[in-house]
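Notes for the one structure printed next.
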Amino acid sequence: MADPLLAFFTLMDNQDGVIVRDVPKFDLDLYIQNYKGRTRFDRLFLIGRSSVPLCVDALKAAIAEAKRGKDTHRYREAVECLRVAAPSEPEATYDQAWLEAQEAANKVETNRLLAELKGYKNNLIKESIRMGNEDLGKHLESIGDLNGAAEAYSKMRPDVSTTKQFLDVGKHLVRVSVQRREWGMVSAHLSKMGSAQHAEEEKAVQPYLKIAHGIALLGLEKYREAAFSFLSADSSIPASSYSELASQSDVAVYGGLLALASMDRNELQRNVLDNAQFRTFLEQAPHIRRAVTQFVSGRYSACIGILESYRPDYLLDIYLQKHVATIYSQIRSKCIIQYLLPFSCVSLDTMEKAFGRPDQCIEDELADMIQSGALDARINMIDKLVTTKAANPRAQMQDSALRAAEDYERQALERLRRMGLAAADLELKGSKKMGFFPGQGELMVEETLG
């Protein structure tokens, strides 16, 4: 690693950033073509700050993306990073002329839109006021003033007149909330959008709502609910309708990983592999389908191997990065538990071959799982065995026989008591006037025999 690059990633490491030293499997240019809007810069900038092999290329692409927009603050951030990582690159020098011209243009455009909006309010034309707030919100969002953009978009609500306009307002607010990482607000805006849908618009916005909701739940670490949200997205709608949030491949990865972390084998088969609606997404990420298939088939080490080979890619995703360690840990724990389930004991050497990894020995991982209560087993360090605490079949059979004998004895006593009452003519008989309701005697018989 070159000295400037080493200094840059030392700085990132000191700031608790994620450093990815392995080369990801995706091509940067093809990867970024799947997105539109401000998420393009966010993704490039994250890759530039995290990936050692792609650092310089990603930061240069982020600078170019920033210069195609109006956000000068983003441009400055990207240039500052490149100046530390690769000071000899031409892009590492500020384009002062562009900066000054863009900031002046932003100020002029903001004043113009505010003046127009003021005129619309004076004229009391609701449609013009709505469009004025929308134009102002889009402009403020494009220059990076997300608080001002959210306020402008919120002011559109009183002036909407159609369902489409109402949904557009919701999408604007969801998009801004996602950029601000306000996951609770994302869910709140989505719930309002869901309550206002008509049959015609429902199909068109369904994947946007499901994917945005899944991203919000992922941010809140509600992995199971997020998985179901991604798995229910409609794949027949073009990806361009939600490309400002995620691509089709992203949906497959998010849904598949979260399902592996939170569902059992039967649920995975039913909700992922047999899900015709989700199959189109899986075609964009065939490795996820292979990993799920391996897990369902009981080949757990192969499943983990597939996921580990794609770990660098997931660590460079803006929504997954913070959750990769937790998700992978949950998947590994599930694989180990399922692997041990059919056996009463397994040698540690066998476990090491199946689940071993260079950074941690399998004994320590098993001990952590046992202490946390995730695994009910014991480690025999003398014989190098993992012994599961399987129930004693003989004791289970004896307990079942004793319970059956007790139930039989109780029922026999109740029947004898009932026969004694009948012989002594102490049975209460219901009146015919009771009609639909049973007599007390019938109730006693039912309780006794039941």
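One residue stands out in region 383-417 among those that are open to solvent by 60 Å² or more (accessible area, probe 1.4 Å) and within 19 Å of Lys353 (Cα to Cα): the one that is farthest from the chain's Cα centre (by Cα), namely Asp383. For region 11-27, the tally of residues that are surrounded by 12 or more Cβ atoms within 10 Å (Cβ to Cβ) and closer than 21 Å to Glu80 by Cα stands at 6. Residue count for region 247-291 satisfying the condition of being of a type in the set (Gly, Ala, Ser), free of Cβ contacts under 8 Å to residues at least 40 places away in the same chain and in contact with a helix residue (DSSP H, G or I) (Cβ under 8 Å, 6 or more places away or on another chain): 5. The requirement of being open to solvent by less than 20 Å² (accessible area, probe 1.4 Å) and within 30 Å of Lys121 (Cα to Cα) is satisfied by Ala150. The residues of region 132-145 that are hydrophobic (A, V, I, L, M, F, W, C) and open to solvent by 30 Å² or more (accessible area, probe 1.4 Å) amount to a single one, Ile143. Among the small types (Gly, Ala, Ser), under 16 Å from Phe281 (Cβ atoms) and surrounded by 24 or more Cβ atoms within 10 Å (Cβ to Cβ): does that describe Ala216? The answer is no for Ala216.
Could you please find all residues in region 65-88 being open to solvent by 50 Å² or more (accessible area, probe 1.4 Å) and not in a helix (DSSP H, G or I)? Don't jump to the end; show me each part of the working.
Here is the first cut: in region 65-88, the residues open to solvent by 50 Å² or more (accessible area, probe 1.4 Å) are 67-68, 70, 73, 76-77, 80, 83-84, 87-88.
Hits for region 65-88 are Lys70, Pro87, Ser88.
Under the condition of being outside any loop (DSSP other than H, G, I, E, B) and either on the phi > 0 side of the Ramachandran plot or touching a Lys or Arg at 6+ places or on another chain (Cβ under 6 Å) (or both), the residues counted in region 33-58 number 1. Selection of first residues in region 229-241 that are closer than 18 Å to Lys36 by Cα and of second residues that are open to solvent by less than 10 Å² (accessible area, probe 1.4 Å) and of a type in the set (A, V, I, L, M), restricted to Cβ pairs under 9 Å at least 6 apart or on distinct chains, gives the following pairs, ordered by first then second residue: Ala239/Ala246; Ala239/Val251.
For region 154-171, how many residues meet the condition of being surrounded by 16 or more Cβ atoms within 10 Å (Cβ to Cβ) and either outside any helix (DSSP H, G or I) or at positive phi (or both)? Total satisfying the criteria: 3. Examine region 225-236 for a residue that is within 21 Å of Val292 (Cβ to Cβ), assigned to a helix (DSSP H, G or I), among the acidic types (Asp, Glu) and open to solvent by 50 Å² or more (accessible area, probe 1.4 Å), and state whether such a residue exists. Within region 225-236 (the criterion being within 21 Å of Val292 (Cβ to Cβ), assigned to a helix (DSSP H, G or I), among the acidic types (Asp, Glu) and open to solvent by 50 Å² or more (accessible area, probe 1.4 Å)), the answer is yes, since at least one residue qualifies. On the stretch given as region 368-415, residues that are under 30 Å from Leu348 (Cα atoms) and either part of a strand (DSSP E or B) or of a type in the set (S, T, N, Q) (or both) total 12. For region 324-345, the count of residues that are open to solvent by 30 Å² or more (accessible area, probe 1.4 Å), among the aromatic types (Phe, Trp, Tyr) and not in a helix (DSSP H, G or I) is at least one. Restricting Ala227, Ala216, Ala196, Ala259 to residues that are under 25 Å from Leu140 (Cβ atoms), at pLDDT 95 or above, touching a Leu at 6+ places or on another chain (Cβ under 9 Å) and of a type in the set (A, V, I, L, M) narrows the list to Ala216. The single condition among (1) open to solvent by 20 Å² or more (accessible area, probe 1.4 Å); (2) over 30 Å from Arg38 (Cβ atoms); (3) of a type in the set (Val, Ile, Thr) that Val292 does not meet is (1).
Only one of the numbered conditions (1) more than 25 Å from Leu307 (Cβ to Cβ); (2) of a type in the set (Ser, Thr, Tyr); (3) open to solvent by less than 50 Å² (accessible area, probe 1.4 Å); (4) at pLDDT 75 or above is not met by Thr448, and that is (4).
The values are calculated or read from the model by the stated rules, or taken from the named source; none is laboratory data. Here the structure is a predicted model, which means the values were calculated and not measured. Note: ideal-geometry Cβ built from the backbone for every residue, glycine included; neighbour counts use all protein chains shown. Accessible surface is based on the protein model in full, side chains and every heavy atom, while ligands, DNA and RNA are left aside. Shrake-Rupley method; radii C 1.70, N 1.55, O 1.52, S 1.80 Å.
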